[in-house]
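Colleague: Shown below is the structure under consideration.
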Amino acid sequence: MSEKSDIAGRIKRKAVGLGFSSCGFSPAVPLDELEPGFRQWLEGGKHGEMSYLSRNTEVRLNPEKLLEGAKTVISLTTNYYYPLPNHQPGNPRISRYAAGKDYHLVLKSMGHELLEWIRQEFGQVNGRVFTDSAPVFEREWARRSGLGWIGKNGCLILPKSGSWFFLAEIIVDMEVPDDTEIVTDRCGTCTRCVDACPTGALAGDGSMDPVRCISYLTIEHKSEIPDAFRGTWTDWIFGCDVCQDVCPWNRRPEISTIHEFEPTPGFNMDVEVFKNLDEETFSGLFGFSPVARAGRKGILRNFEFLYPEKSGE
């Protein structure tokens, strides 16, 4: 084994030791081939009210604009799957990824610890840690690093492990050559996620219409949810897991080792709790959860959309 290959192996072992599920490497080169499709996607208004996607396009396409002298993108995954309390039909549901502590806080901390270890082991290395909060094509970098493929539901799917994973990246100015093998698409002819999507957001070719996605409508969409969607789904008050729940690659999920992702007491509540959700209760239940992104106002809007007969009482 060459010295450079051993560097990759040592970083991978350390990443797993810190709690990451997998780690891969890809050269930090401009994503020129993605630019035409991405700009067309933006021009078609597919990003809806997610205006941040139309900003910093050049940065999103070129990692060196995020870190001068960038050489390698280290892609990392972290399993967040935990068994959930049995859901009672008619009660609000929250997406599994939001069951525990805000993943941004957890993964950023783990990523910085890994970056500091890299500096200690390999000398002065400039780097930046990202997780879903910067203009980075996370799934594409993970795909290029050989961690998995992008499925028909738009999620990164890991062989044998499924898609219950968060993504993070460390961009460094250090070359980390690795014998990366791209994982080929293994969805085959399966269309379970496409068929199950309540709002028809999945096209079946790996692309999706975000403005039809329940996660977008209940989180990123800030104005009133269009009446055209009324009655198309039930219970999902923050996010949606339908396309992942039906995916055959998620049949045998491993339990996460990150205790911060265990479901909080506020994860499984009945209609009456949401109906009477004041600011103090909301902050106490969801202050350190991804649900805080929607805010109490957004959650109450979603509640009124799903349960008009209850909200009017």
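Colleague: Please give the contour-minus-distance gain from Lys297 to Lys160: 0.36 nm per residue of separation, less the Cα-Cα distance, rounded to one decimal in nm.
Modeller: In short, 45.4 nm is gained.
Colleague: Computed on alpha carbon atoms, what radius of gyration and Dmax characterise the stretch 1-68, expressed in Å?
Modeller: Here Rg and the maximum Cα pair distance are 17.1, 49 Å.
Colleague: So, with a 1.4 angstrom probe, what is the percent of accessible area on the chain that is carbon and sulfur?
Modeller: 48 percent
Colleague: Shifting gears a bit: Just how far, in whole angstrom, is the stretch 136-177 from the stretch 70-126 if you go by their alpha carbon centroids?
Modeller: Taking the Cα centre of each part, the stretch 70-126 and the stretch 136-177 sit 13 Å apart.
Colleague: At 1.4 Å probe radius, can you tell me the per residue accessible area of the stretch 49-192 in Å²?
Modeller: Using a 1.4 Å probe on heavy atoms only, each residue of the stretch 49-192 averages 44 Å².
Colleague: Based on the Cβ-Cβ distance of Thr57 and Ile225, what FRET efficiency does E = 1/(1 + (r/R0)^6) give at R0 = 22 Å, to the nearest 0.05?
Modeller: For Thr57 and Ile225, the calculated efficiency is 0.20.
Colleague: Ranked highest first by the average count of other Cβ atoms within 10 Å around their residues, in what order do 206-213, 256-263, 97-104, 84-91 fall?
Modeller: The peptides rank, most packed first, as 97-104, 206-213, 256-263, 84-91.
Colleague: Run through every distinct alpha carbon pair of the stretch 1-151 and return the Kirkwood hydrodynamic radius in angstroms, one decimal place.
Modeller: For the stretch 1-151, inverting the mean 1/r across all distinct Cα pairs yields 17.6 Å.
Colleague: Taking 7 Å along the Cα-to-C-beta vector as the label spot, tell me the Ile182-Glu49 distance in nanometres, rounded to one decimal.
Modeller: Placing both labels 7 Å along Cα→Cβ, they lie 3.7 nm apart.
Colleague: Accessible area per residue, 1.4 Å probe, Å², for the stretch 219-295: what's the number?
Modeller: 54 Å²
Colleague: OK, next. How long are the three semi-axes of the equivalent ellipsoid for the chain, computed from the Cα gyration tensor as the root of 5 times each eigenvalue, in whole Å, largest first?
Modeller: Equivalent ellipsoid semi-axes, largest first: 35, 22, 19 Å.
Colleague: Run the quick spin-label model on Ala196 and Gln124: label points 7 Å from Cα toward the beta carbon, then report their separation in nm to one decimal.
Modeller: Going from the Ala196 label point to the Gln124 one covers 5.2 nm.
The values are calculated or read from the model by the stated rules, or taken from the named source; none is laboratory data. Fair warning: this is a prediction, and the values are worked out from it, not measured in the lab. Here Cβ is always computed from backbone atoms with ideal geometry, including for glycine, and neighbour counts include all displayed protein chains. Surface accessibility is based on the protein's heavy atoms, side chains included, excluding ligands, DNA and RNA. Shrake-Rupley method; radii C 1.70, N 1.55, O 1.52, S 1.80 Å.
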